[in-house]
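> My questions will all concern the structure given below.
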């Protein structure tokens, strides 16, 4: 016959181990915040989209006229100080024009339209107006956009990231204080990347004379997401 002490020991093995009642309270809360930093700078370069559109009875004639006009434009841009590496074709197309005949019962190709567009980087902003004038004077009949930028963005984005981290901490401190706690250690940081903000835009049909263009400022923005522990 087993002794009472042996039975008591066997019974204790079948019971789960008791956990401390305060175990859940040792896990810290977390605060997740996203900070944003913005740095503004005067642009030192511009990107201009110059287009040539020609129309002719045949596709070959439309393309030939387009190529001739674009060759003159490139020569003018080169003469204005634009390097070959700063000119790139971004769109080339040729499409038929359809016309309706016989009271709408028949459609035929009446002509062809050829279009060519090049992206031009202007590194000397003082020559921007002259570059536009030179392109227009030799056949460019559309200007499809002008954007400004900064050549070396790295130091500006570094400043923006520092400002984003400071902004994130400020937001987290406000939230922590509102809960009666304080910030603990940083658990994780996620760099949301940096990007250029909206730049001044210019869009116009071809016009005689060099247009006045103002570069203004461009903004560079960085975001970070930081997770903090919430201490009591």
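> Ranked highest first by average number of other Cβ atoms within 10 Å, how do 86-92, 119-125 line up?
Those peptides, ordered most packed to least, come out 119-125, 86-92.
> Given 0.36 nm per residue, what is the gain on full extension from residue 42 to residue 189 after removing their alpha carbon distance, in nm?
So the chain would gain 49.9 nm between residue 42 and residue 189.
> How long are the semi-axes of the equivalent ellipsoid of region 139-178, defined as square roots of 5 times the Cα gyration tensor eigenvalues? Whole Å, largest first.
41, 14, 3
> What order, most packed first, do the peptides 220-231, 152-163 have when packing is the mean number of other Cβ atoms within 10 Å of each residue? Working shown, then result.
Working: 220-231: 19.2, 152-163: 15.9.
The densest-packed peptide leads the list: 220-231, 152-163.
> Could you work out the equivalent-ellipsoid semi-axes for region 45-149, taking the square root of 5 times each eigenvalue of the Cα gyration tensor, largest first, in whole Å?
So the equivalent ellipsoid measures 33, 13, 10 Å along its semi-axes.
> In addition: How much length would be gained if the chain were fully extended between residue 101 and residue 219, taking 0.36 nm per residue of separation minus their Cα-Cα distance, in nm to one decimal? Intermediate values should be presented prior to the final figure.
Values: separation 118, 0.36 × 118 = 42.48 nm, distance 5.39 nm.
So the chain would gain 37.1 nm between residue 101 and residue 219.
Rule-based calculations on the coordinates, nothing more; no lab input. Please read all numbers here as calculations on a predicted model, not as lab measurements. Virtual Cβ from ideal backbone geometry, glycine too; neighbours counted across all protein chains shown.
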